1. What pairs come out if I take residues in segment 77-100 that are more than 15 Å from Cys65 (Cα to Cα) and pair them with residues that are among the hydrophobic types (A, V, I, L, M, F, W, C) and loosely packed, with under 13 Cβ neighbours inside 10 Å whose C-beta lies under 8 Å away, six or more apart or interchain?
2. Hey, among Phe89, Phe84, Phe102, which residue is aromatic (Phe, Trp, Tyr), surrounded by fewer than 14 Cβ atoms within 10 Å (Cβ to Cβ) and either at pLDDT below 80 or not in a loop (DSSP other than H, G, I, E, B) (or both)?
3. Can you say whether Ala57 is at pLDDT 75 or above and either in a helix (DSSP H, G or I) or among the small types (Gly, Ala, Ser) (or both), as far as the supplied structure shows?
4. Taking the residues in segment 99-120 that are of a type in the set (Gly, Ala, Ser) and within 15 Å of Arg85 (Cβ to Cβ) as candidates, determine which candidate is farthest from the chain's Cα centre (by Cα).
Amino acid sequence: MPRETFDTLLTRALVDESTRIARAEKAEFVAFRAQFDEGSEVLRRRVSGLDAYRRTATRPRVLPCLGALGLDETANADDVRKAFRRLAFATHPDRGGTVAAFLALETAYQAALSVVASAA
C-alpha cells in the first residue's frame, strides 16, 4: 500500500470535514425549513382570518330602519325617498294596505332619513 503524502491526507481531511459540515448545514436547513413552514402556516391562518374579517367589515351593514325599506347603509337620501315612495304605494290604506303597516313604514322612513343625513 503506497504511503500517503501529507497533501493527500490534508485533502482527505478537508473533504471529510466539508462533508460533515455540509451534512450538518443540511440538517440545520431542514430544521429551519420545518420551522419556517410551520410559521408560514400560522401566518397563513392569521392572514386568512384577517381576510375573513375584512370581508365582513367591508360588507354594508343593514340598519333596521334601512332594512325596512330594503336598503343597506350605502344608500343615499334619494334612494331612501325612492324606496319609501315605492313601498308607500303598496302599503297605503287607500290602496289596500293597513294603517299599522303604513305608519311603521313612515317611522322607518323618518329614521332612515336621519341616519342618511348624519352619515353625509
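1. Pro93/Val99; Arg95/Phe89; Gly97/Ala90
2. Numbers: Phe84 fails: surrounded by fewer than 14 Cβ atoms within 10 Å (Cβ to Cβ); Phe102 fails: surrounded by fewer than 14 Cβ atoms within 10 Å (Cβ to Cβ).
It is Phe89.
3. Details: at pLDDT 75 or above: no; either in a helix (DSSP H, G or I) or among the small types (Gly, Ala, Ser) (or both): yes.
So Ala57 fails the test.
4. Let us first name the residues in segment 99-120 that are of a type in the set (Gly, Ala, Ser), namely 100-101, 104, 108, 111-112, 114, 117-120.
Restricting the remaining residues to those that are within 15 Å of Arg85 (Cβ to Cβ) gives 108, 112.
Working: Ala108: 32, Ala112: 29 Å.
Residue satisfying both the conditions and the ranking: Ala108.
The values are calculated or read from the model by the stated rules, or taken from the named source; none is laboratory data. None of the values given here were measured: they were computed from a predicted structure. Cβ coordinates were reconstructed from backbone atoms using ideal geometry, including for glycine residues, and neighbour counts include every protein chain displayed.
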